[in-house]
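Asker: I'd like to ask you about the structure that follows.
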There are 2 protein chains.
Amino acid sequence: MITSYLIAVEEPPLSVSGRNDASDQLSADQPVGVGPSVADLLGVLSYGALVAFDNLSVDARLAPDLRRRAALSEMAAAELVHYRRLADRLTELGADPVEAMTPFVASLDAYHESTRPRDWLEGLVKAYVGDGIADDFYREVAARLAEPDRTLVLEVLHDDRHTGFAVAEVRAAVEVDPTLAGRLGLWARRLVAEAVTQAQLVVAARPALVALVEPFESSGPAGLAALIDRLTAGHTARLNALGLKT
Amino acid sequence: MITSYLIAVEEPPLSVSGRNDASDQLSADQPVGVGPSVADLLGVLSYGALVAFDNLSVDARLAPDLRRRAALSEMAAAELVHYRRLADRLTELGADPVEAMTPFVASLDAYHESTRPRDWLEGLVKAYVGDGIADDFYREVAARLAEPDRTLVLEVLHDDRHTGFAVAEVRAAVEVDPTLAGRLGLWARRLVAEAVTQAQLVVAARPALVALVEPFESSGPAGLAALIDRLTAGHTARLNALGLKT
């Protein structure tokens, strides 16, 4: 999923809008896995899937041939299947999917606007590296959710049928033209920087989301540091898999 | 499916390219339902599904709100499911899906380039009216195919979960602004004219496809006239359903 935000939150930000109504207030005894934070998480993932569909279908048109265009179109369509599962769960919880997504439209759109791939390879690096770090983060959060949302989020994020395609394409291109390793490596660094900026805006817009991040913080600075270490290690592994400079 | 071509073929056109190799030659004793014509039919439907995915995902960005954008994105994703089924069948038949689609890329792209919707409503009319007449035609052809291709094509074409959405949207808009009935009615007429032009190019590129149309012709001018009557009746019914002028 292209949902690259919420990478690291060092402290719960203050509300920056009028959205911080009573239902958004965090309380120390609110269990993780219920309440507005779950609807927010499913909402941000739903919009992430919808916008990933949108971006991958645009990127498909950058494909150098019909075979690759079909492959990326299938990746795009898979995002819509994720969207449908998440939206159905929101409906089941009594939430309106469109309302749940709306708070995240501006910040996710801003991330994607600021990271429009200029060519086929940039699109693949974005789908693999940008989404990869976000997916790792959400997997960590999902491990703390109550069922059935835990399994739902993990299944949606675990759909990595298509990552092999991105890796093979980028590796092959870098082998032919080793100067790509530097250019695409820089691109990957920019993706992460933009994602962190937008993550802060996402959390500012929906303070309830912080409830899902807090377990890391309540285990102290060591818990948060360990999380960031794990995310960084995953990111580095992906860059290596692509043959890019870290 | 957005596969608006092959509407009416009055006589088998001569080959206009070097593609008319031995496997494309028609013979009087070639049964309908096997041979190159079936691979061609599945090929044109496959590319039609891929390009429909492409167009609907672009049109989704014309949506006036997130709810409608999600609805059209789901229609787009459904086309990819059709594409996958058709491509799998081609592979099963020993044909390469990309090779089977390639002869149809230029003419289908030309149709879609010449009928780019300028707004949300034009996109819906194109998806409902333009695809509707093509789908009706393919349903007639499919009825003469051998199994399992007959069922496959009919199932792919019968996926009308989303037509209700287009009808409701256009009807509601025309009720609010009756002048739309004239403008969108003209648009529908242009779609059909462009589709007929491209249909002739499609068949010229792949004479083997004519084998699938011939049963109508071999039943004489009355058979072809009856087919055109049925297609026209379906087209008129769709325009009426939308509240457009015929």
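Asker: Condition first: at negative phi and either without any contact (Cβ under 8 Å) to a residue 24 or more places away in the chain or at the interface with another protein chain (Cβ under 8 Å from one of its Cβ atoms) (or both). Now tell me which residues in segment A:80-98 satisfy that. Working first, answer last.
Answerer: Within segment A:80-98, the subset at negative phi is A:80-93, A:95-98.
Matches in segment A:80-98: A:L80, A:V81, A:Y83, A:R84, A:A87, A:D88, A:T91, A:E92, A:D96, A:P97, A:V98.
Asker: Another question, if that's okay. Within segment A:111-133, identify whether any single residue is outside any helix (DSSP H, G or I), basic (K, R) and free of Cβ contacts under 8 Å to residues at least 24 places away in the same chain, and answer yes or no.
Answerer: Quick first cut of segment A:111-133, residues outside any helix (DSSP H, G or I) only: A:115-119.
Adding the requirement that they be basic (K, R) leaves A:116, A:118.
Okay, now just the ones that are also free of Cβ contacts under 8 Å to residues at least 24 places away in the same chain, so A:116, A:118.
Yes, that holds for at least one residue.
Asker: Moving on to the next point. What number of residues within segment A:84-130 are within 30 Å of A:A168 (Cβ to Cβ) and open to solvent by less than 10 Å² (accessible area, probe 1.4 Å)?
Answerer: Number of matching residues: 12.
Asker: Just to be sure before I move on: is B:R189 among the basic types (K, R) and touching a residue at least 60 places away in the same chain (Cβ under 8 Å) in the structure I sent?
Answerer: Working: among the basic types (K, R): yes; touching a residue at least 60 places away in the same chain (Cβ under 8 Å): no.
No.
Asker: Let me ask another. Go through the residues of segment A:141-150 one by one and say whether even a single one is part of a loop (DSSP other than H, G, I, E, B), more than 28 Å from B:H82 (Cα to Cα) and facing another protein chain (nearest Cβ under 10 Å).
Answerer: Start the filter on segment A:141-150 by keeping residues that are part of a loop (DSSP other than H, G, I, E, B), which leaves A:143-148.
Next, only the ones that are more than 28 Å from B:H82 (Cα to Cα) stay: A:143-148.
Cutting the leftovers down to facing another protein chain (nearest Cβ under 10 Å) gives us none.
No, because not a single residue in segment A:141-150 is part of a loop (DSSP other than H, G, I, E, B), more than 28 Å from B:H82 (Cα to Cα) and facing another protein chain (nearest Cβ under 10 Å).
Asker: So, one more: Do you know which residues across segment A:63-79 are within 22 Å of the chain's Cα centre (by Cα) and either open to solvent by 30 Å² or more (accessible area, probe 1.4 Å) or touching a residue at least 40 places away in the same chain (Cβ under 8 Å) (or both)? Don't jump to the end; show me each part of the working.
Answerer: Here is the first cut: in segment A:63-79, the ones within 22 Å of the chain's Cα centre (by Cα) are A:71-79.
Once the filter is applied, which keeps residues that are within 22 Å of the chain's Cα centre (by Cα) and either open to solvent by 30 Å² or more (accessible area, probe 1.4 Å) or touching a residue at least 40 places away in the same chain (Cβ under 8 Å) (or both), segment A:63-79 yields A:A71, A:L72, A:E74, A:M75, A:A78, A:E79.
Asker: Those residues that are open to solvent by 10 Å² or more (accessible area, probe 1.4 Å) and either more than 11 Å from chain B (Cβ to nearest Cβ) or touching a Pro at 6+ places or on another chain (Cβ under 6 Å) (or both), I need them from segment A:39-58; list them, please.
Answerer: Of everything in segment A:39-58, just one residue is open to solvent by 10 Å² or more (accessible area, probe 1.4 Å) and either more than 11 Å from chain B (Cβ to nearest Cβ) or touching a Pro at 6+ places or on another chain (Cβ under 6 Å) (or both), namely A:A39.
Asker: Another one. Kindly provide the set of residues from segment B:59-76 that are in a helix (DSSP H, G or I) and either among the aliphatic types (A, V, I, L, M) or within 7 Å of another protein chain (Cβ to nearest Cβ) (or both), ordered by number.
Answerer: Filtering segment B:59-76 down to residues in a helix (DSSP H, G or I) leaves B:59-60, B:66-76.
Residues satisfying the conditions are B:A60, B:L66, B:R67, B:A70, B:A71, B:L72, B:S73, B:E74, B:M75, B:A76.
Asker: Out of segment A:124-139, which residues are hydroxyl-bearing (S, T, Y) and under 18 Å from A:A70 (Cα atoms)? If you could, list the steps in order and put the result at the bottom.
Answerer: Initial filter on segment A:124-139 (hydroxyl-bearing (S, T, Y)): A:128, A:138.
Correct list: A:Y128 only.
The values are calculated or read from the model by the stated rules, or taken from the named source; none is laboratory data. Quantities reported herein were computed from a predicted structural model and do not represent experimental measurements. When we count neighbours, we look across all protein chains shown, and the Cβ atoms used for this are built from the backbone with ideal geometry, even at glycine. For the accessible areas, the whole protein counts, side chains as well, though only heavy atoms, and no ligand, DNA or RNA atoms are used. Shrake-Rupley method; radii C 1.70, N 1.55, O 1.52, S 1.80 Å.
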